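Working notes, structure below.
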Amino acid sequence: MMTRVDLHVHSTASDGRYAPQELVRLASDRNVATIAVTDHDTVDGVQEAMLAATRFGVRVIPGVELSTDVEESEVHILGYHVDTSLPPFTMHLRVLREGRMRRAERILEKLAGLGIEIPMPYVLSLGREGFVGRSQIFRAMVNLGHARAERRYGDFEKYLGKQGLAYVEHYGLTPAEAVRLVLAAGGVPVLAHPGRTAGDALLEELVDAGLQGIEAYYPTHGPELTRRWVEAARRHGLIVTGGSDFHGVAPDEPAVLGDVFVPGSVVDDLDMRWRELAAGEGKRAGLSKTL
């Protein structure tokens, strides 16, 4: 009987190793009952995963992970139950992906200035058409002998982390705008991996913007940090979610799909919050009024 839950996984539609249907098969093999496909700034993998869901007996929740920048760090907003067919929403995602391309070009320019020549066509060959991110750039660096893949060496942070030598900020949304974008797409916005990025001031700002949840269960959150974010969610009337942030790319990723403990009740809480939002909003507001 499949009982595990993983609400944060990535496919080849962004920077994951496995195609969407392969993710669903892997979830089934690992006794994971429910996954959310949450690719970076795209929902292109959701339909393929949902088509495979019935065949493998896994529930797939449509999702997205939106990337934003603040001064100290990157802030990511997860969107669950987003309407992947809503044209204004998909248009905004297309704009974000175009910004990713410009960002990648600037990163490669910075790397070239450091003596690391990475051809853009090669970077693009490592992902699905229309998407490029730091993970692909780093894989290209590793494959071409400019970096070591294991996290313990720290090459990713050295070059592409927030304080890295070739880091370039994201184009597009602020964290609050990302929250409102998810709401306008009929989804439930959740702050991703807050232990890496968030403080109380940011949390207050996002709650005011309409944040609905916090990803408290996460591979790098120990028991104390998990409790902290569960309590913060309760104080603000937010739901709690969790997942592995599985990409399947680095040989020493913190967690494999389904390995992070996530109570099964979070799926019921997420579904209930989604229904409450839908009932409260009635017809969705146009995206043009949210940004």
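The values are calculated or read from the model by the stated rules, or taken from the named source; none is laboratory data. Everything quoted here is computed from the prediction, not taken from an experiment. With ideal geometry, Cβ positions are generated from the backbone for all residues, glycine too; neighbour counts draw on all protein chains shown.
Listed by position, the helices (runs of 4 or more DSSP H) inside the range 194-242 whose residues that are at pLDDT 95 or above and in contact with a Pro (Cβ under 8 Å, 6 or more places away or on another chain) number at least 1 are 200-209, 223-236. Being of a type outside the set (Phe, Trp, Tyr), modelled with pLDDT of 95 or more and part of a loop (DSSP other than H, G, I, E, B) holds for only one residue in 43, 5, 24, and it is 43.
In the range 2-50, how many are at positive phi and more than 11 Å from the chain's Cα centre (by Cα)? The number of residues fulfilling the criteria is 1. For the range 255-263, the condition of being part of a helix (DSSP H, G or I) and β-branched (Val, Ile, Thr) holds for none of the residues. Apart from one condition, residue 89 fits all of (1) in the same structural domain as residue 216 (by TED's automatic domain parsing); (2) in contact (Cβ under 8 Å) with a residue 40 or more places away in the chain; the exception is (1). When residue 183 is tested against (1) without any contact (Cβ under 8 Å) to a residue 40 or more places away in the chain; (2) crowded, with 16+ Cβ neighbours inside 10 Å; (3) not in a loop (DSSP other than H, G, I, E, B), only condition (1) is not met. Of the residues in the range 58-80, not one is at pLDDT 95 or above, assigned to a helix (DSSP H, G or I) and surrounded by 16 or more Cβ atoms within 10 Å (Cβ to Cβ). Only residues that are buried (at least 24 other Cβ atoms within 10 Å of the Cβ) and under 30 Å from residue 161 (Cα atoms) were counted in the range 26-39, giving 6. In the range 229-243 there is no residue that is touching a residue at least 12 places away in the same chain (Cβ under 8 Å), of a type in the set (Ser, Thr, Tyr) and surrounded by fewer than 16 Cβ atoms within 10 Å (Cβ to Cβ).
For the range 119-145, the set of residues classified as surrounded by 14 or more Cβ atoms within 10 Å (Cβ to Cβ) and more than 20 Å from residue 247 (Cβ to Cβ) consists of 120 only. Do you know which residues across the range 1-12 are surrounded by fewer than 24 Cβ atoms within 10 Å (Cβ to Cβ) and under 25 Å from residue 123 (Cβ atoms)? Within the range 1-12, just 12 meets the criteria. Filtered by the rule that a residue be assigned to a loop (DSSP other than H, G, I, E, B) and not small (Gly, Ala, Ser), the range 8-21 gives 10, 12, 15, 17, 18. For residue 248, the test of being in contact with an Asp or Glu (Cβ under 6 Å, 6 or more places away or on another chain) and either assigned to a loop (DSSP other than H, G, I, E, B) or hydrophobic (A, V, I, L, M, F, W, C) (or both) is failed.
For the range 171-180, filtered to residues that are assigned to a helix (DSSP H, G or I) and of a type in the set (A, V, I, L, M), the residue that is surrounded by the most Cβ atoms within 10 Å (Cβ to Cβ) is 178.
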